[in-house]
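The structure under discussion appears below in the form of structure tokens.
Derivation of every value follows stated rules applied to the coordinates shown; laboratory data play no part. All figures in this text were calculated on a predicted structure; none of them were measured in a lab. Here Cβ is always computed from backbone atoms with ideal geometry, including for glycine, and neighbour counts include all displayed protein chains.
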């Protein structure tokens, strides 16, 4: 008896019906034998060529046609870019299963050449559990980094500080070719060249098979790989014209870079090599207005001055793949890089103090603050993977990854006289360094059981270990005892100096069931996770005792997804996923760290992980060459972490990372991929959601909520066969925080592109952050406020801050890309964890 199932949202219950004949097989490309997804497979009656049934091949190339009656048939297989294949003389008896095995399709070179000239690739592909985006369609990112690519996704937004968020939250995991990166996410995204990226996969409701990390889901970056025997090589260079707007910055911004990708594949071996260098400076200003009130004293300290960035990135990638047989794959890969980002804030302050009862001014003090904050990040990733497919179609795979990251960098904080250029006097000279080595390991063992009639079981185990150390050394110059030219001789400032070490080990196992019955595709799973976390910290105060805090949990993380294909053009989807956002070392440092003149930053050693429940329901509609999608989602976050402010002193605020309560988001995500004319294409995405925060901080209730949104629009016009123009807009609305709001932020961009030599040479001119003095492009105002009674001294304290960050606009970039050979075959979709979060 053949099993069928009824599928409610979270439970899968079987019942039985009579079985009939079945036809199945697997489609692969003939040179590399890579799976062909989304091919059309149709079965016809031999006598009158009437259509009996048809299906679309799955991600692994497999297909299955059921309910076949006794008779003679022929099979037709079609996929764009490949020659049509017809298999005649297929005869069925009652209750027969005919397995055609592996079926190879041959690329149609003439058709592929036509498609290169006149066709447009789709920007996005909707799968059961993810959206896949073609990175090459976003011309505004060429010559840039992975950050420039993913900012085009419908659920992704970026603010003025470059923080990437998915559906309004920055807690997401980055996979590189399917492997989780434990380093600082932003650092990795800023170092990977955009030209080395083939696809970006956004998985907003990951299954239990994936690590539970990431409250906003997973972004998988798939790098470019060759697909056929032979060599593929691509070189890219970029340069920027001098800044149009300098904002009176001390030094001019410099922008240039180059990268290359080299891949050679022959028989059983596959070699890849890539490297890149990028210098990407940015000019800008910071305009601030701050006041504090402590009891009956009010202090106002407005400020204005330079806030610019100098950024240098080096990166290199190498991998070797060995395929001793069709069933066995062995891959070894390395990825490393160096990153330095200098943030210069040279700010003039005009301080005034008042006596609140009568409003009388009691003092004033003007000064200049030089603050240079350098952040460095050197990292190396190494991995080895093994996979074997057995004759019974079950599969065993294992992976080991080691990651080393050295984070750190010094900060200069000098308070000088207002006329510092005409004097050698100073008020205060301070300097702090920090070194944060991070060691991470991950081991995976996965087994997919032999597929059954209605699905496949998968089981797996994962071990992850993190050891992250921090050494924070803060020093102040004392002219009576210290050598001004030797900062190591400056005296230690105990309240800002500390040592800490975070260790975290995680054991987890999962079980998954996935399958497909007629128009239904489904998956359900459960992940069990046991985490042990230890934080050791020691202050610099003489006689300080090292303290150790422990935290552990055992939790279950269920997931489920289901898709119903109404017809070839309409699909309905639903999913549930439980996630966790583990805290970073920086946010757990209980000691204050001096950021600049008016700001300290401090973590919470008892910070709890955020636990997230996500539900989403969506629809995908295809109409001819157009594709539309809409997804409604609800996300509930317990132990929500926010950065909040307190008054440290009359002219200094302390930023604290802490659990503030519960956060909720209810929203709708839209995307459209439209071929408006033969030459005009539009891709647009939007995320509109209602966000709320409900909790308590400093004995004061937090209850904020607002409608928020982000929009990403990308439209391309093919002027001629070799000329094209693309305009894009990234927009982020005003957003609420625990103590205030962030203003809107947007950036329009224009790219004009010309190809030569049969598309092997590409020249692009980019106009980034278009403004022309008419808009408020690339600037964002951050405002916070608070009023509370300090539990320590019983004094009323209040504050108000508003800071407008104004960054460079009207930047002109030139990019040149050359491919040493032009591949025509279908590209291989090769799917790709700690310091990124700390950078």
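Each helix, a run of at least 4 DSSP H residues, gives -39500 (n - 2.57); summed and divided by the residues of the chain, these come to -500 deg cm²/dmol at 222 nm.
Using 0.36 nm per residue and subtracting the Cα-Cα separation, the extra length available between residue 388 and residue 554 on full extension is 56.6 nm.
Taking every C-alpha pair closer than 8 Å and separated by at least 6 residues, the mean separation divided by the residue count of region 425-464 gives a relative contact order of 36 percent.
Which residues in region 324-343 place their backbone N less than 18 Å from a point set 7 Å from the Cα of residue 412 along the Cα-to-Cβ direction? Counting only backbone N, you get 340-343.
Between residue 795 and residue 163, the contour length at 0.36 nm per residue exceeds the alpha carbon distance by 224.0 nm.
If the label point is 7 Å along Cα→Cβ of residue 364, which residues in region 412-446 have backbone nitrogen under 18 Å from it? From region 412-446, the list is 417-420. Based on C-alpha pairs under 8 angstrom that are at least 6 apart in sequence, region 399-477 has a relative contact order of 34 percent.
Per-residue Cβ neighbour counts within 10 Å put 266, 797 in the sequence 266, 797, beginning with the fewest. Subtracting the Cα-Cα distance from 0.36 nm times the residue separation, let me have the gained length for residue 662 to residue 86 in nm, one decimal. Difference between extended and current length: 201.5 nm. In region 230-324, Rg over Rh equals 1.35, where Rg is the alpha-carbon radius of gyration and Rh the Kirkwood radius from pairwise Cα distances.
The average projected area of region 547-592, computed from the convex hull of its Cα atoms over all directions, is 6.0 nm².
Per-residue Cβ neighbour counts within 10 Å put 400, 138 in the sequence 400, 138, beginning with the fewest. With Cα atoms defining each centre, region 780-801 and region 547-587 are spaced 36 Å apart in the structure. Using C-alpha pairs below 8 Å separated by at least 6 residues, the relative contact order for region 230-819 is 10 percent. Taking a ≥ b ≥ c as the square roots of the eigenvalues of the Cα gyration tensor, region 314-357 is prolate, since a/c reaches 1.5 or more and a/b is larger than b/c. Taken along its three principal axes, the alpha carbon spread of the chain comes to 102, 57, 47 Å, from the longest extent down to the shortest. Scaling against 2.2 N^0.38 Å puts the C-alpha radius of gyration of region 198-262 at 1.84.
Separation of region 464-496 from region 368-411 is 29 Å, based on Cα centroids.
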